[in-house]
């Protein structure tokens, strides 16, 4: 779980990925914070929780308080999520 902790900058620019935060911080206590590209803009992951229910998966709470399981992979400093609808969202570590 520690390998996911940190701040991540969204690489994906596709329209479907734009509803996800431009910056995502996964804290070691299981909390998350998402920052929209434009202040005040909707982002699906705003503040909430995250956990690792099993290998290759992360469960994140969404802006409507749903808990959604995403397929996840980590390669070097790139973290990729695949949403249940097939949307791929990739992030790069900011080192923070």
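Worth a mention:
- Taking all Cα pairs closer than 8 Å and separated by 6 or more residues, the relative contact order of the range 2-93 comes to 24 percent.
- Fraction of C-alpha pairs exceeding 24 angstrom in the chain: 8 percent, rounded to a whole number.
- Most mobile listed residue (59, 14, 78) in the chain, GNM with C-alpha springs under 10 Å: 14
- Sequence of 19, 10 once ranked by neighbouring C-beta atoms within 10 Å, starting from the fewest: 19, 10
- Estimated distance in nm for a label pair at residue 62 and residue 88, the labels positioned 7 Å out from Cα along Cα-to-Cβ: 2.1 nm
Bear in mind these aren't lab numbers, they're just calculated from the coordinates by the rules spelled out. Predicted model only: the values in this text are computed from it and were never measured. All Cβ positions, glycine included, derive from the backbone under ideal geometry; neighbour counts span all protein chains shown.
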